[in-house]
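These notes concern the structure reproduced below.
The values are calculated or read from the model by the stated rules, or taken from the named source; none is laboratory data. Here the structure is a predicted model, which is why all the values come from computation and not from measurement. Note that we place each Cβ from the backbone using ideal geometry, even for glycine, and neighbour counts take in every protein chain shown. Surface areas here come from the heavy atoms of the whole protein model, side chains and all, with no ligands, DNA or RNA. Shrake-Rupley method; radii C 1.70, N 1.55, O 1.52, S 1.80 Å.
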Amino acid sequence: MRRARRVDEQSGAFLLRSLLPFDLDLTITGAFEDTESRVLRGVVDGDLEGVSGWSVRPHGTGSRAVLEQDMVARKALIRRLEVPFRPLFRANHYLLTYRGHRGLKAWLDGGQEARRAREEERRSGTRSE
């Protein structure tokens, strides 16, 4: 994730890049959220168009989050190279989602609290050992 910003209460703008030398510029707008069934879906617009979402289900002693996507490439470069470079695009997508998974896991495992503590230390000029 190169950049993420809130557009409004229901939308965000994202700039993504993995290994391939181009960015994906996307806007995702919340279309469906059901906290009881733990489902979140959004409409994607920009270099890719379609629907993307998460379903969270119990799994063992924790939870499993499943990403589901139904997308069409709108960026001309991707459309031109889609067939001959499909294996490379799939590998790139896998790497992007793998890195996203690692980042989300670190955040859920307490990384967010550690980041906040470091930011507070920088602001106050103190450091805890």
Worksheet item: Helix 86-106 sits at what angle to the longest principal axis of the chain, using alpha carbons and giving 0 to 90 degrees rounded to 10?
Response: 20
Fill in: Rounded to the nearest 10 Å², the accessible area of ASP23 at probe 1.4 Å
50
Discussion item. Quick check: the angle from helix 112-124's long axis to the longest principal axis of the chain, C-alpha only, nearest 10 degrees?
Written reply: 60
Fill in: Within the accessible area of region 12-93 (1.4 Å probe), percent carbon and sulfur
56
Worksheet item: Distance in nm between label sites at ASP45 and ARG5, each 7 Å beyond Cα in the beta-carbon direction?
Response: 1.7
Worksheet item: Taking only the alpha carbons of region 46-96, what extent do you get along each of the three principal axes, in Å, biggest first?
Response: 45, 21, 13
Worksheet item: Using +1 on the beta carbon of Lys and Arg, -1 on that of Asp and Glu, and nothing else charged, what's the dipole of the chain about the Cα centre, debye to 20?
Response: 600
Worksheet item: How big is the C-alpha Rg of the chain next to the rule-of-thumb value 2.2 N^0.38 Å, as a ratio?
Response: 1.27
Fill in: Selected from LEU15, ALA4, LEU95, residue furthest toward positive end of dipole (the chain; charges at beta carbon)
LEU95
Fill in: Relative contact order (%) - criterion: Cα under 8 Å, at least six apart; region: the chain
13
